[in-house]
Amino acid sequence: MAIRPIRLFGDPVLRRRAIEVVDFDTELRQLVTDLTDTMLEAPGAGLAAPQIGVGLRVFTWNVDGEVGHLINPSLDLSEELQDGPEGCLSLPELTYDCLRALSVVATGFNMYGDPVRIEGSELLARAIQHETDHLDGVLFIDRLDAEARKAAMKEIRESDWFGLEQPTVKMSPHATGGFAL
């Protein structure tokens, strides 16, 4: 079991677009295991690699007892929308209603490089969209309307965790173009 520190709002790695995974090797499988262990320990409904300081397009989810992962996701979103509460492990104790697609079809790969297709609605769709946003350097507060975003930023600035020292950055063994691990 490898629990990794979760990066908090303000850490630059959370604002960078993660790069595509090209090597489906033992290091990638260890990353998926670390993400899953960290997500379950937190606990959270999902966790993206940038949240533990890895700039690769990988995320895990835990929704309604189903635990899974997706690598290099591509999403097809429904036109029908849902509005509901959303939070983030990188923004502790912060929850705001966020507009998302009601359902999603996500394609990508598993940790062995096999093609995967995931269809989900409601909470699973929300989790997949939220984690894919992380891979693009987008946080859920970026999707809030101006008034809610202003309130969220005020709450973040007043939180006990904001501005805490971030974990030490180490270089990734993957060819990531300088992204941190």
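The values are calculated or read from the model by the stated rules, or taken from the named source; none is laboratory data. Since the structure is predicted, the reported quantities are computational estimates derived from the model, not experimental observations. Every residue, glycine among them, receives a Cβ derived from its backbone with ideal geometry; neighbour counts consider all protein chains shown. Accessible surface is based on the protein model in full, side chains and every heavy atom, while ligands, DNA and RNA are left aside. Shrake-Rupley method; radii C 1.70, N 1.55, O 1.52, S 1.80 Å.
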*Got at least one residue in segment 26-37 being within 28 Å of I156 (Cβ to Cβ), in a helix (DSSP H, G or I), open to solvent by 80 Å² or more (accessible area, probe 1.4 Å) and at pLDDT 95 or above?*
no
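Please verify whether segment 97-106 includes one or more residues that are open to solvent by 20 Å² or more (accessible area, probe 1.4 Å), touching a Lys or Arg at 6+ places or on another chain (Cβ under 8 Å) and touching a residue at least 12 places away in the same chain (Cβ under 8 Å). Outline the logic, then answer.
Narrowing segment 97-106 to residues open to solvent by 20 Å² or more (accessible area, probe 1.4 Å): 97, 99, 102-103, 105.
Subset that is touching a Lys or Arg at 6+ places or on another chain (Cβ under 8 Å): 99, 105.
Restricting the remaining residues to those that are touching a residue at least 12 places away in the same chain (Cβ under 8 Å) gives 99, 105.
Yes, segment 97-106 contains at least one residue that is open to solvent by 20 Å² or more (accessible area, probe 1.4 Å), touching a Lys or Arg at 6+ places or on another chain (Cβ under 8 Å) and touching a residue at least 12 places away in the same chain (Cβ under 8 Å).
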_All but one of (1) touching a residue at least 60 places away in the same chain (Cβ under 8 Å); (2) over 28 Å from E158 (Cα atoms); (3) open to solvent by 10 Å² or more (accessible area, probe 1.4 Å); (4) under 14 Å from the mean Cα position of the chain (by Cα) hold for L8; state the number of the condition that does not hold._
(2)
*Output the qualifying pairs, or none if there are none: Cβ atoms under 6 angstrom, residues six or more apart or on different chains, first residue in segment 18-42 and of a type in the set (A, V, I, L, M), second residue assigned to a helix (DSSP H, G or I).*
A18/P50; A18/L135
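Kindly establish whether N72 is part of a strand (DSSP E or B), farther than 20 Å from I141 by Cβ and in contact with a Pro (Cβ under 9 Å, 6 or more places away or on another chain).
On the way: part of a strand (DSSP E or B): yes; farther than 20 Å from I141 by Cβ: yes; in contact with a Pro (Cβ under 9 Å, 6 or more places away or on another chain): no.
No, not satisfied.
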*Restricting the search to segment 101-133, which residues are over 17 Å from the mean Cα position of the chain (by Cα) and among the hydroxyl-bearing types (S, T, Y)?*
S103, Y112, S121
*Give the residues of segment 14-37 that are among the β-branched types (V, I, T), touching a strand residue (DSSP E or B) at 6+ places or on another chain (Cβ under 6 Å) and under 17 Å from I3 (Cα atoms), sorted by residue number.*
V32, T36
_Anything in segment 38-60 that is open to solvent by less than 20 Å² (accessible area, probe 1.4 Å) and not in a helix (DSSP H, G or I)? List them, or say none._
G44, G46, L47, A48, G53, V54, G55, L56, R57, V58, F59, T60
